[in-house]
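Read through the structure below, which is laid out as structure tokens, and then see the notes.
The values are calculated or read from the model by the stated rules, or taken from the named source; none is laboratory data. Quantities reported herein were computed from a predicted structural model and do not represent experimental measurements. FYI the Cβ positions are ideal-geometry reconstructions off the backbone, even for glycines, and counts take in every protein chain you see. Just so you know, the surface numbers come from the protein's heavy atoms only, side chains and all, with ligands and any DNA or RNA stripped out. Shrake-Rupley method; radii C 1.70, N 1.55, O 1.52, S 1.80 Å.
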Amino acid sequence: GVHYFSSAGNSGAKSYEASAFDDSGFSYGGQPIHDFDPGGGVDYSLEMTIPDGVQASFSFQWDDPFGSLPNSSGTGATDMDLYLVNAGFTSIIASSQDNNISGGDPYEVLSYTNSSGGDLTVNLMIQHYAGPAATNMKVVVWSNSVSIDEFDTESSTCVGQSNSEGAMAVGAAAYYNTPDFGVSPPVINGFSSKGGTVIRRTR
């Protein structure tokens, strides 16, 4: 009987989603890399720009069960990895390579701080390392100042308690974009996290 409200978050729609891992035909260390191009072309990276001085964090999940959760119905069957590569594809500047099968959770996260003195172009790559090909993959960019420069699906970034069933997520609207100031309905700020993240269950 208690109302539950939670901040939606401040990540706008900085998220990439795909319904399945799509083998690009390219590999790293002998393991296939995802094709981000939804059309007839092939592109094995998601180009982004990180402004100078900004720490960008990327979280990646897919729809295996989380084995670490209480009363989980199973553990991860697929091992995926996440890489951040420089603009010239000459070096990996950050990576997340957990063993998701033995660890039991379909989750990878990496962070990188741009201290180059200017805006930095980077490329995100998703690798299928082991197990069945992943489905329903999602990357959330935890910095609203980072831009996704290609293949941006502008997907939901509302996760956790604000996205749970029964909770009411609260977005942000500037006072001058509300009915008291002549704007009805109120207009949400662009940085306010977009809702609609699907919660998947296994029984």
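Data overview
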quantity: Matching residues, segment 5-34, being touching a Pro at 6+ places or on another chain (Cβ under 9 Å) and buried (at least 18 other Cβ atoms within 10 Å of the Cβ); calculated: A18, F21, D22, S24
quantity: Hits in segment 160-203 (condition: β-branched (V, I, T) and touching a strand residue (DSSP E or B) at 6+ places or on another chain (Cβ under 7 Å)); calculated: V170
quantity: Selection status of I50, at pLDDT 95 or above, more than 23 Å from G25 (Cα to Cα) and in contact with an Asp or Glu (Cβ under 9 Å, 6 or more places away or on another chain); calculated: yes
quantity: Condition broken by Y83, with the remaining ones in (1) of a type in the set (S, T, Y); (2) at pLDDT 95 or above; (3) assigned to a loop (DSSP other than H, G, I, E, B) satisfied; calculated: (3)
quantity: Top-ranked residue of segment 127-160 - restricted to ones that are of a type in the set (F, W, Y) and assigned to a loop (DSSP other than H, G, I, E, B), ranked as most open to solvent (accessible area, probe 1.4 Å); calculated: W142
quantity: Segment 99-108: number of residues that are open to solvent by less than 60 Å² (accessible area, probe 1.4 Å), in contact with a strand residue (DSSP E or B) (Cβ under 8 Å, 6 or more places away or on another chain) and not in a loop (DSSP other than H, G, I, E, B); calculated: 2
quantity: Condition met for S96 (in contact (Cβ under 8 Å) with a residue 24 or more places away in the chain, surrounded by 16 or more Cβ atoms within 10 Å (Cβ to Cβ) and of a type in the set (G, A, S)); calculated: yes
quantity: Hits in segment 161-203 (condition: farther than 28 Å from L69 by Cβ and not in a loop (DSSP other than H, G, I, E, B)); calculated: Y175, Y176, N177, P179, D180, F181
